[in-house]
Amino acid sequence: MSEFAEVVLNLPLDRSFTYRVPPPLRHVVRPGVRVKVPFGPREQTGFVVKLAESASFPRIKDLKEATDEVLADERLLDLTRWVASRYACSWGEALNAAIPSGVKTKNPGQVIRLIALGAGEPKTEKQKVAFEMAKRLSSPMPRADFAKHSGVSAAVLSGMIRSGLLIETKVRPEIDAMAEALIEKPKEILLTPAQEGALKIIDQGGIVLLHGVTGSGKTEVYLRAIAEAVARGKQAIVLVPEIALTPQTVSRFKARFPRVAVLHSVLTQGDRARQWRAIRNGEIDVIVGARSAVFAPTRALGLIVLDEEHEAAYKQENDPRYHAREVAVRRSQLEGATVILGSATPSLETLHRAQTGEFRLARMPDRVEGREMPEIEVVDMAAEKMELKRHPIISRRLEQLMRGSMERREQAILFLNRRGFLTHVSCRRCGWFFSCRRCDVAMTYHRETARAICHYCYDSQALPPTCPDCGAGTLA
């Protein structure tokens, strides 16, 4: 048993620190365990990355505490060390991002109370805020999270539940409420020649760009490739942008595979820890999640899928500023896994690497079942503005087509590129902008409820009266 340990901390410090391992902890301290150490006037949490028999310093402090389980195996240590080098952060920061904070807690068997939309008309302003937030939920949200993000008290929530404005259901933590009720038995699907060709390329391994138009059947290719990996005793990670992580998306994977874990922002720390441990213990075959799921602690990784690989959501905007696509590629190289990068509009970097032979390229240029591509017509609103000498809300061509639809008793859908009163709120003095605490994107201000809402995760916050950074009252 080694007497000294090298520890990295969740601080922007590009080095490790040596600590003495006291005799009572020497049987549990090894690379990958979480430890608590004295650091200056306070204690810090870090990870052991190396053990040593001797140290070159005359006075060395002792470790204070250590977990009895390895949270980062050798593969994750190698991957996070690369992340630290690639994205100019500390090794400790990379490890902290890769391992959920809830993992350090025990696994309680509590019941989770979920909130969903009910029926009726809210009466008070606080009820209206909570009701509007519930209307925007794509799936039930834990009650504690709902209260925090809506800003209403437990008493208000209880009253709304009693009156039927909100519905509360109880589930066990082991059950994922995201897609359980939506699972349907999969239908037998006959692959197109393009899908069969893509699977043959994927079977060769390496990094594969699956360049297929919308509706070409990329998801079915993912499912077949995952099934092949699982049949070989391997695990698969499926990454999707957070906004696309809907119950409908998850249900497609749960319909095919019985052992699926879902990692998403709605999970509580305890839920995330339970899923994390189940993955590490080999109890899960398929992991579906947003960008942080790229660090899922699989035992035998065989496949990583990035759907919509071009999406900016795969790039983390705060430290460590990693790109999940590049981390997936590096992880596949370290563990010998295959990577599928799927997109109808791949990023220029990925397309270039496929065209130069660094990645394999599988094309799927046609929609399944011979479906026609939608007819797209571009209308120049600037030309109409010049002709009419005013700013038309809709073009004459759109008005003509909508009137035709109504005359034929058909329906029309208009997609508007703006929601809310202000698409972002910023300080005119220092440049600070109001961003979501979870997604790190600009929040939209809704004047009707006087709150800012993230249209990705539906977090809701009150607008501060002054700038939190410089204190100026110049928010606009």
* Name the residue, out of Phe415, Phe421, that is loosely packed, with under 10 Cβ neighbours inside 10 Å and on the phi < 0 side of the Ramachandran plot. => Phe415
* To do: Taking the residues in region 1-41 that are among the hydroxyl-bearing types (Ser, Thr, Tyr) and buried (at least 18 other Cβ atoms within 10 Å of the Cβ) as candidates, determine which candidate is nearest to the chain's Cα centre (by Cα).
  => Ser16
* **When residues of region 436-445 are limited to those that are free of Cβ contacts under 8 Å to residues at least 60 places away in the same chain, farther than 13 Å from Leu475 by Cα and of a type outside the set (A, V, I, L, M, F, W, C), the one surrounded by the fewest Cβ atoms within 10 Å (Cβ to Cβ)** => Arg437
* To do: List the number of the failed condition for Ser292; all other conditions in (1) surrounded by fewer than 19 Cβ atoms within 10 Å (Cβ to Cβ); (2) modelled with pLDDT under 95; (3) not basic (Lys, Arg) hold.
  => (1)
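Residues checked against (1) at pLDDT 90 or above; (2) out of contact with any helix residue (DSSP H, G or I) (no Cβ under 6 Å at 6 or more places or on another chain); (3) surrounded by fewer than 22 Cβ atoms within 10 Å (Cβ to Cβ):
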{"site": "Ile161", "(1), (2), (3)": "no, yes, yes"}
{"site": "Glu168", "(1), (2), (3)": "no, no, yes"}
{"site": "Glu174", "(1), (2), (3)": "no, yes, yes"}
{"site": "Met178", "(1), (2), (3)": "no, no, no"}
{"site": "Lys185", "(1), (2), (3)": "no, yes, yes"}
{"site": "Glu196", "(1), (2), (3)": "yes, yes, yes"}
{"site": "Asp203", "(1), (2), (3)": "yes, yes, yes"}
{"site": "Thr219", "(1), (2), (3)": "yes, yes, yes"}
{"site": "Ser251", "(1), (2), (3)": "no, no, yes"}
* **Check on Phe47, of a type in the set (Phe, Trp, Tyr), assigned to a loop (DSSP other than H, G, I, E, B) and touching a strand residue (DSSP E or B) at 6+ places or on another chain (Cβ under 7 Å)** => no
* Can Ser343 be described as surrounded by 17 or more Cβ atoms within 10 Å (Cβ to Cβ), in contact with a His (Cβ under 7 Å, 6 or more places away or on another chain), hydroxyl-bearing (Ser, Thr, Tyr) and closer than 26 Å to Cys436 by Cβ? -> yes
* Name every residue in region 346-400 that is loosely packed, with under 15 Cβ neighbours inside 10 Å, touching a residue at least 24 places away in the same chain (Cβ under 8 Å) and under 22 Å from Gln204 (Cα atoms), in order of residue number. => Glu358, Pro365
* **Val208 vs. criteria of a type in the set (Val, Ile, Thr) and within 27 Å of Ala134 (Cβ to Cβ)** => no
* Asked: Quick check: anything in region 324-336 touching a residue at least 24 places away in the same chain (Cβ under 8 Å), closer than 19 Å to Thr246 by Cα and either touching a helix residue (DSSP H, G or I) at 6+ places or on another chain (Cβ under 9 Å) or not assigned by TED's automatic domain parsing to the domain that holds Ala225 (or both)?
  -> no
* With respect to Ala452, determine if the residue is at pLDDT below 85 and either aliphatic (A, V, I, L, M) or assigned to a strand (DSSP E or B) (or both). => no
* Asked: Among helices (runs of 4 or more DSSP H) lying entirely in region 211-321, which contain 3 or more residues that are within 19 Å of the chain's Cα centre (by Cα)?
  -> 247-256, 269-280
* Does Lys50 satisfy being in the same structural domain as Thr80 (by TED's automatic domain parsing) and within 9 Å of Ala5 (Cβ to Cβ)? -> yes
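The values are calculated or read from the model by the stated rules, or taken from the named source; none is laboratory data. Keep in mind the model is a prediction, meaning the values are calculated, not measured. Cβ: placed from backbone, ideal geometry, glycine included. Neighbour counts: every protein chain shown.
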